[in-house]
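Asker: Take this structure first; my questions come after.
The values are calculated or read from the model by the stated rules, or taken from the named source; none is laboratory data. For clarity, every value in this text was computed on a predicted model and none was experimentally measured. We place every Cβ from the backbone using ideal geometry, glycine too, and count neighbours over all the protein chains shown. Protein only, heavy atoms only, side chains kept; ligands, DNA and RNA dropped before computing areas. Shrake-Rupley method; radii C 1.70, N 1.55, O 1.52, S 1.80 Å.
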Amino acid sequence: MSKTGALDLASGVGGKISKDEVKSAVEQYEKYHVCYGGDEEARKSNYSDMVNKYYDLATSFYEYGWGESFHFAHRWKGESLRESIKRHEHFLALHLGLKPGMKVLDVGCGIGGPLREIARFSGASVTGLNNNEYQISRGRELNKSVGLGQSCDFVKADFMNIPFPESTFDAIYAIEATCHAPDAVGCYKEIHRVLKPGQCFAAYEWCVTDHYDATNSIHQKIKAEIELGNGLPDIRSTRQCLQAAIDAGFEVVWEKDLAEDSPQPWYLPLDKSHFSLSSFRLTAIGRLFTRTLVKTLEYLKLAPEGSERVSAFLEKAAEGLVEGGKKEIFTPMYFFVVRKPL
């Protein structure tokens, strides 16, 4: 079962980081970012440390508020967040033509929510690649709880150096994960290497759109908030992502920013003006309750020192994401399918 209680949230903050070192880890993480005087080069050169700290610190908050699948989704009116997330994952599986007997790689799999859903939907065997030990331990626990412990597994590794031979997988996908890569071409080249010839790679990428103006101070602030709250070295443009896939050796099958025609705004779950009983913890009232809860748990020493600061930078990220969505300068669902030539 997903960890959804207050004590689950408290016990999970810090992941594999020692509880008495959480505050120090938060401080080190914050210093990577522009809001705290950091710069892009430092984030890129130390991306593994930065991203690992981020997910150790933030995973229990994600699981508490979002569930097992840490991503946004194209959403229809009348559709719940959870329904849209499942459909978003099925959409990807259908574009890859996944079916029983296929060997699939999930690059940057989190705690495996999409992995489990896609495996059950398609019948394929899915391996999750993740460089965060805490998320892998949670993923294995959850796989076992739903009977997928044998057909699906996890590998702890960096997606800049994937530990599989050439042409291992029948299909590969990434859901809002390779945005953490310091070099998109290098990451996509590794994916290209382990994919079988003639087969496809599909991804949802976090990107700035053509509306983003790098000289606009408001746009810069929004971008910095998103990077801080989501462990990103930088945010590439949609054009840069697609070109990186081409430069890595792929041929383009299909590409589209799915945020452009989503009947409901993708950022709706984080918009403070929106209220939903089904995703109450993401609403303004729910987030206020979480902030108060975390502060109380930290005061009572049930949550490690620094927990409230993690909650604060995640709140800042939510604000940046909503503003980025409203101004149409950012999308979390630039989708492409590319093929490795025969």
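Asker: Under the condition of being under 16 Å from Ser60 (Cβ atoms), without any contact (Cβ under 8 Å) to a residue 60 or more places away in the chain and in contact with a Phe, Trp or Tyr (Cβ under 8 Å, 6 or more places away or on another chain), which residue from segment 135-163 is surrounded by the fewest Cβ atoms within 10 Å (Cβ to Cβ)?
Answerer: Result: Ile136.
Asker: Can I ask one more? Looking at Glu205, Glu166 in this structure, which one is over 24 Å from Thr331 (Cα atoms) and of a type in the set (Asp, Glu)?
Answerer: Going through Glu205, Glu166 in turn, the sole match is Glu166.
Asker: Here's a follow-up. Within segment 307-322, does at least one residue satisfy the condition of being among the polar types (S, T, N, Q) and either within 28 Å of Lys19 (Cβ to Cβ) or assigned to a helix (DSSP H, G or I) (or both)? Quick ask: steps written out before the conclusion?
Answerer: Looking only at segment 307-322, we keep the residues that are among the polar types (S, T, N, Q), and these are 307, 311.
Within this subset, residues satisfying the condition of being either within 28 Å of Lys19 (Cβ to Cβ) or assigned to a helix (DSSP H, G or I) (or both) are 307, 311.
Yes, that holds for at least one residue.
Yes or no, residue by residue, for (1) at pLDDT below 95; (2) surrounded by fewer than 19 Cβ atoms within 10 Å (Cβ to Cβ); (3) hydrophobic (A, V, I, L, M, F, W, C):
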{"residue": "Cys241", "(1), (2), (3)": "no, no, yes"}
{"residue": "Ala245", "(1), (2), (3)": "no, no, yes"}
{"residue": "Gly249", "(1), (2), (3)": "no, yes, no"}
{"residue": "Glu255", "(1), (2), (3)": "no, yes, no"}
{"residue": "Ser262", "(1), (2), (3)": "yes, no, no"}
{"residue": "Phe289", "(1), (2), (3)": "yes, yes, yes"}
{"residue": "Val294", "(1), (2), (3)": "yes, no, yes"}
{"residue": "Leu297", "(1), (2), (3)": "yes, no, yes"}
{"residue": "Lys301", "(1), (2), (3)": "yes, yes, no"}
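Asker: Right, another one. Under 6 Å by Cβ, and 6 or more places apart or on different chains, what pairs join a residue from segment 9-20 that is of a type in the set (A, V, I, L, M, F, W, C) with one that is open to solvent by 10 Å² or more (accessible area, probe 1.4 Å) and not in a loop (DSSP other than H, G, I, E, B)?
Answerer: Correct list of pairs: Leu9/Tyr64; Ala10/Leu297; Ile17/Asp56.
Asker: For segment 146-176, which positions are outside any loop (DSSP other than H, G, I, E, B) and in contact with an Asp or Glu (Cβ under 7 Å, 6 or more places away or on another chain)?
Answerer: Residues satisfying the conditions are Lys156, Tyr173.
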